[in-house]
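Have a look at the structure below, then the notes.
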Amino acid sequence: MDYEKKLNVLTGFAEHRLYVLDALDHATVQKKKHLQNNYTDDIEYVTYLMDKPVSKLSKFSDDFWDFNDDYPNAARNVQGAKLRISFSKYTDIPRFVLIEIKIIFELALLNNSIFKLQSKEGQSRTKKVLKANSLITIFENGLTFINEIFKQASHELGYEFVQEKIRTLSDITPELYSKAAENYDRVKNIELDKFFKYLRSPASVKYVFEKPIAYVELNSLKWKKLANTNTLKKEQVLPDLVFESLSKMASFIIVDFLSAIGASAKISDSNSFERFETSNHLSWAKKEKITHEILNAYIAMRLGTKGYSASFITNIVEPYNWMLNKNSNVMGGLTLRNALKKRGYKLNNLREYFNLVAYACAYLVGQYTGMRPSELSEIRVQDCSCLIQSDSVWLIESTVKKHKDEVSTGLFDDRWVAIPIVKDAVLAASYISKIKASPYLISNVDTDPCRQIRTTKLGRF
């Protein structure tokens with residue numbers, strides 16, 4: 001279904017809303033059954049609306065809308081749950097109210113300029129299209145609050161009364177907002193304000209509601225949780241002393257790790273290494289008895305536990321004799337766990353240590369490149385493949401996702417200068433990536449489970 005047809009169906013909802021409302025009431029349907037021929041247009045409309053696709057994976061009537069296939073190039077930190085919305089979890093909201101909210105959601109997705117929410121004081125710029133993940137964040141906050149309104153109303157007035165008397169969003173009275181705010185478990189934030197701007201928009205009254213919803217000043221309510229409005233605590237720039245301390249500690253953690261696993265010759269930031277060596281800082285690696293041997297054993301143990309084959313693991317690690325079974329294959333994950341314990345290692349401590357190294361790597365790359373989270377999530381550190389040299393300058397490659405279609409100069413769009421400690425962070429992360437079975441700098445701390453589609457080389461994940 002093309003854009004114009006979708007828009008026509010959605011904007012035609014107000015004309016058929018009374019029939020849709022009655023159609024959801026079984027008793028009303030029985031009373032009007034003999035008049036069914038008079039509602040042919042309404043029946044056709046409802047059928048068309050419910051069967052209309054909202055994405056490549058979902059149609060309007062579905063309780064679960066999935067937009068992942070509509071954004072095949074979405075950043076890795078957006079893929080998955082951030083492109084899905086489940087309406088079924090809002091169990092206290094009447095079905096008709098959910099339909100009203102669905103209509104507004106899809107109208108905003110198709111043409112956000114209808115609601116005129118994007119203009120800012122002193123600016124005339126208006127975005128016609130919002131990405132689904134941006135809308136999902138706004139509407140999930142709003143749906144949670146609307147669900148709380150109906151939940152509290154049912155407690156106060158009785159479920160049957162609410163279902164009969166509060167059938168649409170415009171039936172909600174101002175008094176019901178106060179009780180909901182006191183019990184709303186989320187922090188009252190700007191997303192909730194944006195949600196109500198959609199509901200109060202003239203477009204919503206024109207295309208969705210019979211009359212405007214009750215106006216309640218949200219900031220006047222007594223909220224269970226409020227966002228932090230202390231400007232001192234919201235300072236976006238790290239104080240110099242904090243910046244220096246974080247950068248130094250993260251650098252020390254990385255060079256300490258590389259030295260412990262026998263990669264000191266590969267360290268690029270020799271100054272950080274020298275400062276660490278001459279400092280009084282206790283070695284994090286020595287505390288956990290980290291060596292090249294133990295790193296490989298830990299990688300093998302994590303991969304084996306997740307079901308990777310011995311041949312796959314052998315291609316990833318450099319196994320020592322004690323890690324091999326009688327058939328000269330790497331031992332299974334459970335066997336290696338026991339072997340490490342017998343050698344005096346605490347597996348939880350090892351896990352926390354390697355996570356610490358991973359966090360230090362991510363922090364330094366983010367701090368010294370200024371990448372957005374979406375760009376950090378695209379960095380592939382396996383074999384340090386993200387590092388390239390151009391005219392004697394080392395660069396780190398990623399992928400710019402945000403505003404890619406709006407502004408793209410072709411110059412430095414996907415590359416950032418990699419100073420020596422950033423190169424070291426990538427090198428350290430390349431070892432950590434083997435533990436996680438993921439080639440990315442930013443990934444789950446758990447090892448990615450083995451799947452049939454995987455090949456025998458980590459770099460092809």
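Return the FRET efficiency for the residue pair residue 246, residue 14: r is the Cβ-Cβ distance, R0 is 45 Å, and the value is rounded to the nearest 0.05. Kindly include the intermediate steps, with their values, before the conclusion.
Working: r = 55 Å, r/R0 = 1.22.
Computed FRET efficiency for residue 246 and residue 14: 0.25.
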Would you mind checking the tilt of helix 240-260 against the longest principal axis of the Cα atoms of the chain, expressed as 0 to 90 degrees and rounded to 10? 50 degrees
How big is the chain on each of its three principal axes, counting only the C-alpha atoms and giving the largest first in Å? 84, 57, 47
Rounded to the nearest 10 degrees, what's the angle between the helix 132-157 long axis and the longest principal axis of the chain, both from Cα atoms, 0 to 90? 60 degrees
Projecting each Cα onto the charge dipole of the chain (Lys/Arg +1, Asp/Glu -1 at the beta carbon, about the Cα centre), which of 93, 138, 259 comes out farthest on the positive side? 259
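Once the Cβ-Cβ distance between residue 339 and residue 306 is put in as r, and R0 is 30 Å, what FRET efficiency do you end up with, to the nearest 0.05?
On the way: r = 17 Å, r/R0 = 0.58.
The computed FRET efficiency comes out at 0.95.
Could you work out the mean projected area of the convex hull around the alpha carbons of the stretch 3-220, in square nanometres to one decimal?
Values: hull surface 53.0 nm².
Mean shadow area of the hull around the Cα atoms is 13.3 nm².
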Just want the answer: with Cβ charges of +1 for Lys and Arg and -1 for Asp and Glu, which residue in 284, 268, 313 is farthest toward the dipole's positive end in the stretch 241-460? 313
Any idea what the relative contact order of the chain is, in percent, if you count C-alpha pairs under 8 Å spaced at least 6 apart? 12 percent
Taking only the alpha carbons of the stretch 241-460, what extent do you get along each of the three principal axes, in Å, biggest first? 58, 48, 29
Output the 0 to 90 degree angle, nearest 10, between the alpha-carbon long axis of helix 292-305 and the longest principal axis computed from the alpha carbons of the chain. 40 degrees
Could you compute the FRET efficiency for residue 91 and residue 286, with r as their C-beta to C-beta distance and R0 at 51 Å, rounded to 0.05? 0.40
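As an exercise, take the mean of 1/r over every pair of distinct alpha carbons in the stretch 176-306, invert it, and state the Kirkwood radius in angstroms.
On the way: mean 1/r = 0.0482 Å⁻¹.
Kirkwood hydrodynamic radius for the stretch 176-306: 20.7 Å.
Rounding to the nearest 20 debye, state how big the charge dipole of the stretch 241-460 is about its Cα centre with +1 on each Lys and Arg Cβ and -1 on each Asp and Glu Cβ. Please list the in-between numbers first.
On the way: 28 positive and 21 negative charges, 251 e Å.
Dipole about the Cα centre, nearest 20: 1200 debye.
Determine the gain in length on full extension of the stretch residue 327-residue 3; use 0.36 nm per residue of separation and subtract their C-alpha separation, reporting nm with one decimal.
Full-extension gain reported as 110.4 nm.
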Taking a crude spin-label model, label points 7 Å out from Cα along the C-beta direction, the residue 190 to residue 348 distance in nm is 4.0 nm
What helix-only [θ] at 222 nm does the chain give? Using -39500 (n - 2.57) per DSSP H run of at least 4, over all residues, to the nearest 500, the answer is -15000 deg cm²/dmol
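Laboratory data are not the source of any read-out in this text; all were calculated from the coordinates shown. If you're wondering where the values come from, they're calculated on a predicted model, not measured in any experiment. Neighbour counts are summed over all protein chains in view; Cβ atoms, including those assigned to glycine, are modelled from backbone coordinates with ideal geometry.
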